[in-house]
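Below is one structure, written out as C-alpha cells; comments come after it.
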Amino acid sequence: MKLKNRRAAVIFLGCPKNRVDSECLLGTLAENGWELTAEPEKADLVVLTTCAFLKSAVAESVAVIKKLSWLKKRRPQMKLVVAGCLVERFGSALSADYPLINNWVGLRGLTRIPEILGSKKTRARTSFPPRLISTPGHYAYLKIADGCDNRCSYCLIPKIRGPFRSRVQTEIIAEAEQLADLGVKELILVAQDTTAYGIDIYGKPALGKLIDRLSRLSGVRWIRLLYAYPAHLTEDVLEQFGTNPKLCRYIDVPIQHINDQILNRMNRHYTRKDVEILLDRLHRIPEMRIRTTVITGFPGETDLEFTELMNFISSVKFDRLAGYQFSAEPGTPAANLKGTVDPLIKQKRLKQLLKLQAAISRQKLRSLLGKNLNVLADFAELGRTEWDAPEVDGVAQITEGKFQPGKFYNCQVIKTTTYDLNVRLLT
C-alpha cells in the first residue's frame, strides 16, 4: 500500500492522553517525510485517532468515520486509517461495517503507521517517539504513564489501554527538556492515574520526586497535575503543592460520588471519610483550587443518595466540577448491576447538580473582583490563571489591548461571570 504522494492529515478525538498519542504520530509521519496538512480533503493519507471510553465517544468516532468514508468516495486514491481506542475496543468487527477504511490500527501500532503504509522506518533518536505538539506552543501535555489498574466498575480503560505502566523518570525528563527547549512554559502531567506513577517500576509512588525534578527545568514556569486518583494522593505530593513555586495550586481529583454504598459499587477503593480527610488537607494549602468529577444515576442511586451528593457539593464548594450521567458500557461490571436509574431521572439530577455548581462558581469568582492575578496568555484576547487548565476550565479575557500568546501578565480582575474572568493589564 505504498503511497506515491506524501501529504497526511491527522484528526484526533478524545482526551489529552489521546492528543499526546496523536502528536507522537504527527512527529513520526514528519520524520518519515510526510508533509502534514490540517485539511483532510487535500490529504493523500488521513489518520483518525479515536476515543471509545463511552457510548457518546463511540458515536462521535463513528460519525467522523462516516464523513471520511464519504470523502474517500469522492477521492478513491486517498488512504484512510482509523486508529486508537475504538480499534482496541471493537477490533476487526469494525471492518465489515466500514469497508472503505484501509487500515485499522490499535494503540501500540500508532507510530508504525508510516511503516504499514510502505514508508521506510527511520531509527528513533531517543527512547520515545518524535513528537509535534498541537497545542499552542507555550503549553504541552506530558504523559507520565498509560493504562490503569484501578478497575472501576463502570470503566473500560483497563480493557482498552491495558494495565498501568509508568514511564521511567529519565525518559520523562528527557522529553520535558525537549519541550522546554521548544518554548513550552507549562507542563500538564497526564495519565489515567497520575498519582499511581512509579508504583509499578519503583515499588512505591514516585510522583512527588518527578514533580520536584521537572520543576528544576529552566524555562518551565508552571507544572499542572490532572487525573489525581483520590486514594493514591501521597503526602510528598501534597507537600509539593505547599512548597514548590512552579507547581500550580490546582488539582483535578475525580471523586465520582460521595455515598459509601455507591463508591463501593463503583469499586473506587475509598470512602466518604477518606475524601473528607483528603479535601481537608488540600484546603489547608494556601490558594489551592480543586477540580472534581461526579457521576449521576449510577445503578442503585436513590433520591437519598443523590441528596447526600448534592449536600456534600454544597458544603465543600469545589472550585471546578464536571458532571456526567452514568453510561452502562457493555463489558463493564456496572453494566450488569441492578437498580438501573431512569434516563430522565439521571438527566434531571445532572441538571440540578450543574445548576448548584454554577452558583458556587459565580460566588467564588466574584470574590476575585479587584484582585491582581498572574495570567498566562493563550491567545491575543484570552489567557488563564494557574487555577485553570486549558480546554476544561475558565478563561481570563482582556478588556482592552491584546495579549502576546505565551507570555505571563500581571492583570486585575474587573468583572466575573459564572466561569470566566474579565481582566485589564497592569503597568
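The values are calculated or read from the model by the stated rules, or taken from the named source; none is laboratory data. What you are looking at is a predicted structure, and each value in this text was computed from that prediction instead of being measured. All Cβ positions, even for glycine, are placed from backbone atoms using ideal geometry, and neighbour counts span all protein chains on display.
Computed values, structure above
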quantity: Filtered residue count, segment 198-209, keeping only those that are part of a loop (DSSP other than H, G, I, E, B) and touching an Asp or Glu at 6+ places or on another chain (Cβ under 7 Å); calculated: 0
quantity: Odd one out for Ser153, checked against (1) within 27 Å of Trp222 (Cβ to Cβ); (2) surrounded by fewer than 20 Cβ atoms within 10 Å (Cβ to Cβ); (3) at pLDDT 95 or above; (4) among the small types (Gly, Ala, Ser); calculated: (1)
quantity: Every residue from segment 149-175 that is in contact with a Cys (Cβ under 8 Å, 6 or more places away or on another chain) and either under 29 Å from Asp212 (Cβ atoms) or in contact (Cβ under 8 Å) with a residue 60 or more places away in the chain (or both); calculated: Cys155, Ile157, Ile160, Arg161, Pro163, Phe164
quantity: Search result, residues across segment 277-307 that are on the phi < 0 side of the Ramachandran plot, assigned to a loop (DSSP other than H, G, I, E, B) and in contact (Cβ under 8 Å) with a residue 24 or more places away in the chain; calculated: Ile285, Pro286, Met288, Phe298, Pro299, Glu301
quantity: Filtered residue count, segment 210-258, keeping only those that are in a loop (DSSP other than H, G, I, E, B), among the β-branched types (Val, Ile, Thr) and out of contact with any Ser or Thr (no Cβ under 6 Å at 6 or more places or on another chain); calculated: 3
quantity: Residue list for segment 52-79, filter: among the hydroxyl-bearing types (Ser, Thr, Tyr) and more than 21 Å from Phe326 (Cβ to Cβ); calculated: Ser69
quantity: Every pair of residues 6+ apart whose Cβ atoms lie under 7 Å, when the first sits in segment 94-114 and is over 17 Å from Leu45 (Cβ atoms) while the second is basic (Lys, Arg); calculated: Leu107/Arg161
quantity: Which listed residue, of Arg281, Arg291, Arg268, is buried (at least 18 other Cβ atoms within 10 Å of the Cβ), charged (D, E, K, R), more than 24 Å from Thr332 (Cα to Cα) and not assigned by TED's automatic domain parsing to the domain that holds Asp388; calculated: Arg291
quantity: Condition check for Val58: within 23 Å of Ala30 (Cβ to Cβ) and in the same structural domain as Ile11 (by TED's automatic domain parsing); calculated: no
quantity: Scan of segment 97-126 for residues that are at pLDDT below 90 and aliphatic (A, V, I, L, M), ordered by number; calculated: Ile116, Leu117, Ala124
quantity: Tally of residues being over 29 Å from Asn244 (Cβ atoms) and touching a helix residue (DSSP H, G or I) at 6+ places or on another chain (Cβ under 8 Å) across segment 260-294; calculated: 9
quantity: Within segment 404-415, tally of residues that are crowded, with 20+ Cβ neighbours inside 10 Å and either of a type in the set (Val, Ile, Thr) or within 17 Å of Thr135 (Cα to Cα) (or both); calculated: 1
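Okay, residues lined up against (1) in contact with a strand residue (DSSP E or B) (Cβ under 8 Å, 6 or more places away or on another chain); (2) surrounded by 20 or more Cβ atoms within 10 Å (Cβ to Cβ):
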| position | (1), (2) |
| --- | --- |
| Arg112 | yes, no |
| Ala140 | yes, yes |
| Gln169 | no, no |
| Ile173 | no, no |
| Val184 | yes, yes |
| Ile188 | yes, yes |
| Thr195 | no, yes |
